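The values are calculated or read from the model by the stated rules, or taken from the named source; none is laboratory data. It should be emphasised that the depicted structure is a prediction, and the values quoted were computed from it without experimental measurement. Please note: Cβ atoms are built from the backbone with ideal geometry, for glycine as well, and neighbour counts cover all protein chains shown.
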Amino acid sequence: MRLPRIRKAREEKEQESESKETEKKRKTRTKKEKFVDPLELLNEYWNDVISTLGLSYLGLSEDEYKELIKEPFISAVGEVKTKPKVSTIIGRLSANREDLFAVLATKLAVMRDLNKMTDGQLEFVVYYIKEAIKGLGPRLYEECVRRKRDDLIDLLRSKWSQYGINSPVKCPKCGFNAVMPDYICYICRYSVPDKELKKQIGMPHLLVEYAKIDPSGFREIYTSGYFYYGWQGVIPPSKAKGLTGELLFEVVLSKADKEALKPFYIDSKNQSP
Ligand SMILES: [Zn+2]
């Protein structure tokens, strides 16, 4: 008979602490209501913020501007009980202008159709985009090609090398380092033929040079008929097993490749153990 009583006492205690918990929550909620509402502040300050940041040329509507800067604006306001001055908010926003603009460039690219953007808007996106180029790169490239903006394509290309999925194989069509291990260019979707990929990576000279550094690896490649290619160069099949998370291209030797490499193979067999 004692057990149920203990359980009951425990249950009562739990209920008690639960109601205390809800009371606490309610208290914090009432406290929160006293904080400055950043969205109200956004309504008042957006115009000053946009013009001070030099974004008026984007020519967006009031609603679009508010949408554009909403998230960074809210975090710049923070949780405060006294209303901050607009200069304080602008100061906080411009503390890291490059990163702020990268966020805004990404947001703008998501908010607006690229093909409906003004030239100024598209330029803003291309100038300031950073990591988001990983997702937006192909569409931005397509749009810049459509507008024949070679200057923007050049800029995109260097941004890709810096922030994109930088591949050791350059696309022969668009010039981006964006050919993926399936031999398809991530940026322009060009499917790179075997021969072209080999030309890009400098075959068969590449393997002739490799034979000098690693004769046994070279022999392995010659006899197995393929190798991997990555940022570190040639990798024999047996050494590629542990390499995950790297862009590795499987390159199969053609008859012609084997013919070209044959003398080096015979040489290497005679020279080293
Ligand atoms: Zn391409």
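Is there a residue in region 137-157 that is basic (Lys, Arg), within 11 Å of the ligand (Cβ to nearest atom), at positive phi and outside the structural domain of residue 229 (by TED's automatic domain parsing)? Scanning region 137-157, I find no residue that is basic (Lys, Arg), within 11 Å of the ligand (Cβ to nearest atom), at positive phi and outside the structural domain of residue 229 (by TED's automatic domain parsing), so the answer is no. Test residue 262 against the criterion of being of a type in the set (Lys, Arg), touching a Gly at 6+ places or on another chain (Cβ under 9 Å) and part of a helix (DSSP H, G or I), and give yes or no. No: the conditions fail for residue 262. Within region 188-240, if we keep just the residues that are of a type in the set (Lys, Arg) and more than 15 Å from residue 265 (Cβ to Cβ), the residue that is nearest to the ligand (Cβ to nearest atom) turns out to be 189. The set of residues in region 169-181 being more than 9 Å from the ligand (Cβ to nearest atom) and under 26 Å from residue 259 (Cα atoms) consists of 169, 181.
Exactly one residue among 165, 133, 184 is of a type outside the set (Lys, Arg), within 15 Å of the ligand (Cβ to nearest atom) and under 28 Å from residue 76 (Cα atoms), and that residue is 133.
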